[in-house]
Amino acid sequence: VSPGCRGAQGRLAYKLLHDLFANYSSALRPVEDTDRALNVTLQVTLSQIIDMDERNQVLTTYLWVRQTWLDAHLTWDKDEYGGIDSIRIPSSYVWRPDIILYNNADEHFGGSMETNVVLRSDGHIMWDSPAITKSSCKVDVSYFPFDGQRCRLTFGSWTHSGNQIDLRNQLDTGDLTDFVENVEWEMLGMPATRNVITYGCCSEPYPDVTYTLLLRRRASFYVFNLLLPCIMVSFLAPLGFYLPADSGEKVSLGVTVLLALTVFQLLVAESMPPSESVPLIGKYYIATMTMITASTALTIFIMNVHHCGPGARPVPPWARRLILHHMARLCCVYEVGESCKSPQRALGGRAGVEDAGGPGESPGEGPVGTEARGCPWDHCLCHHDALLSNVGYIAGCFRRHRANQRRTGEWKKVAKVMDRFFMWVFFLMVFLMSVLVLGNAA
């Protein structure tokens, strides 16, 4: 094409623009018959999910909105204008449908950008405009961080009813060909539906097109930063029962673990909306904190049992039979020199042997022993009354001291058996709670 022809084409385009808008008004709906509805077709392309604010329940997205309609007043014969079939003009020159986002949550309420429209010779107008929208989205965090969300984008005319603008969706789904993957949310789909609603304020029907964003959270970040630390800290709580009672750190470990879980709980609460639905990880934290509180309380009780003094009562027979016999074998708690496979001695046998003779009475010190060593019974000095009374007093003291030691040792063994028993019980509880959390997530 020669430069002269291009100049003629430009002059024809200028003349076309002047002729089209000589008697045109962008304020009125461009239809030949005002009683007929104007068909407007809507198509939305999702380009990017910018942010999902769960606490304020606001979804920020970057959209490309395409609207097409027929303007009956902007048609021309392309043969009269050098074959010009389409022109691109500012969108403010033509009438535009007042299609807005119904569930807009932007405080500034910004609309689409002022981009050009494509005007064809048969009067069809196509308006593509990018828009950054903030829409309200009902966030359900019951299964956080393994949750999925359904956020809706509802588009419709603000002032024109269905008798004036018939809004329809071009496709049954939103366009995701140019979607930029989000690091936190996975896009599963974007179905589109057309709804016709009659509101209480007006008797006319108002059509709208609703795009539903099906989102699923990528849980890897939260699993490695919130869930796994909680599970590892939770497994420290039962180890408090394994600590020796004389170390003085049993209660301190439980309180430290409780404070650590409280910090994680606060981190989750800061990002979640203040609703009645508690997230799954929050339920796990609460259950774990309750378990640790119970374990700390039991540790205090067991330490009180362990430090029973000489004035404590003897171990009851039922506790001796249940704890020192059955539970001790179950938890593999044994004395020095014993093992889980060692035969159990008869209950009370040791006490009977020790009580039979006082400390210091060797097998050869009885009457028979004295005769065996050749000391005549009637010539021994131990038959003096005063000496016999003193020896009996000393033997009684040693006998009471050994009985107190034996009673204290039995209570310490009761505390040790209870420690081992509750350690395995709480290990099992932590494991089951972790399995339940992962099962609900699946």
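For residues that are closer than 30 Å to residue 52 by Cα and assigned to a loop (DSSP other than H, G, I, E, B), scanning just region 88-106, find the one that is least open to solvent (accessible area, probe 1.4 Å).
Per the stated criteria, the residue is 97.
Please work out if residue 213 is assigned by the TED database to the domain that holds residue 151, at negative phi and surrounded by 14 or more Cβ atoms within 10 Å (Cβ to Cβ).
It is true that residue 213 is assigned by the TED database to the domain that holds residue 151, at negative phi and surrounded by 14 or more Cβ atoms within 10 Å (Cβ to Cβ).
Results for (1) over 25 Å from residue 159 (Cα atoms); (2) under 60 Å from the mean Cα position of the chain (by Cα); (3) assigned to a loop (DSSP other than H, G, I, E, B), shown as yes or no for each residue.
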site	(1), (2), (3)
11	yes, no, no
25	no, yes, yes
30	no, yes, yes
43	no, yes, no
73	no, yes, yes
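Would you check which residues across region 50-87 are of a type in the set (Asp, Glu), free of Cβ contacts under 8 Å to residues at least 12 places away in the same chain and loosely packed, with under 15 Cβ neighbours inside 10 Å and list them?
51, 79, 80
So for region 255-270 (the condition being open to solvent by less than 80 Å² (accessible area, probe 1.4 Å), assigned to a helix (DSSP H, G or I) and either in the same structural domain as residue 184 (by the TED database) or hydroxyl-bearing (Ser, Thr, Tyr) (or both)), does at least one residue qualify?
yes
From the list 293, 210, which one is polar (S, T, N, Q) and either more than 30 Å from residue 153 (Cβ to Cβ) or free of Cβ contacts under 8 Å to residues at least 40 places away in the same chain (or both)?
Of the residues listed, the single one that is polar (S, T, N, Q) and either more than 30 Å from residue 153 (Cβ to Cβ) or free of Cβ contacts under 8 Å to residues at least 40 places away in the same chain (or both) is 293.
What about residue 196, is it in contact with a Pro (Cβ under 6 Å, 6 or more places away or on another chain), open to solvent by 60 Å² or more (accessible area, probe 1.4 Å) and of a type in the set (A, V, I, L, M)?
The answer is yes for residue 196.
The values are calculated or read from the model by the stated rules, or taken from the named source; none is laboratory data. None of these values were measured; they are calculated from a predicted model. Reconstructed Cβ throughout: ideal geometry from the backbone, glycine too, with neighbour counts over all protein chains shown. Only protein heavy atoms, including side chains, enter the accessible area calculation; ligands, DNA and RNA are left aside. Shrake-Rupley method; radii C 1.70, N 1.55, O 1.52, S 1.80 Å.
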